[in-house]
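Read-outs: derived from the displayed coordinates by stated rules, not from any lab. Keep in mind it's a predicted model, so treat the numbers as computed, not measured. Counting neighbours? That spans all protein chains shown, and the Cβs are built from the backbone with ideal geometry, glycine included.
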Amino acid sequence: MAESSSDPILMLNRPDSGIRRTMRRIPVTVLTLFAVINTVRGCIHAFASDGGAQSIAGLDLSHDKPTILSLFAALGFHQLVMAAFQVFVLVVRRDLVVIALALQAAETALGLLNLYFYRTLPVVVPEQAFNAALLVLLAVTLGVAWINTRRVGSPPDAELQGPDR
């Protein structure tokens, strides 16, 4: 019995498959999105006069303002470092995309656990639902990236490899 050329599984395994090329691009595109998100959030938390604590999150800064602003700035600088690492992965070491996505997924998951269950804030953070959606996007993308790197019998993709060592 001849195999159908329209079979999705066979199409996915063909080296010249458009689906396969798209599947390879998804993790890189999502990591790029997170590099931008981390840069924007990091700049707001680190450099805005209130770090976004009052103007975005609605926190009352009348009590212990210096401590709150210091913590928001530390968070912002952390986000900027994460964005720099993600840009490094995108530009220099594409073979680390799965690791970068896993780090972002872990950080997002732990941040959500903190916001919803551990040390909740007295106000609802405006981006809580957005962050939950981003975590789902990260989980799906991490699965796609993992499949891309673990495809049996598939030669390594040149575009995903870093410099020869």
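So here's what we get for this one:
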read-out: Residue in region 24-59 that is surrounded by the most Cβ atoms within 10 Å (Cβ to Cβ), counting only those that are assigned to a loop (DSSP other than H, G, I, E, B) and in contact (Cβ under 8 Å) with a residue 40 or more places away in the chain; value: Leu59
read-out: Boolean, Gly111 is surrounded by 12 or more Cβ atoms within 10 Å (Cβ to Cβ), without any contact (Cβ under 8 Å) to a residue 12 or more places away in the chain and of a type outside the set (Val, Ile, Thr); value: no
read-out: Of all residues making up region 60-91, the number that are exposed (fewer than 15 other Cβ atoms within 10 Å of the Cβ) and under 25 Å from Thr29 (Cα atoms); value: 5
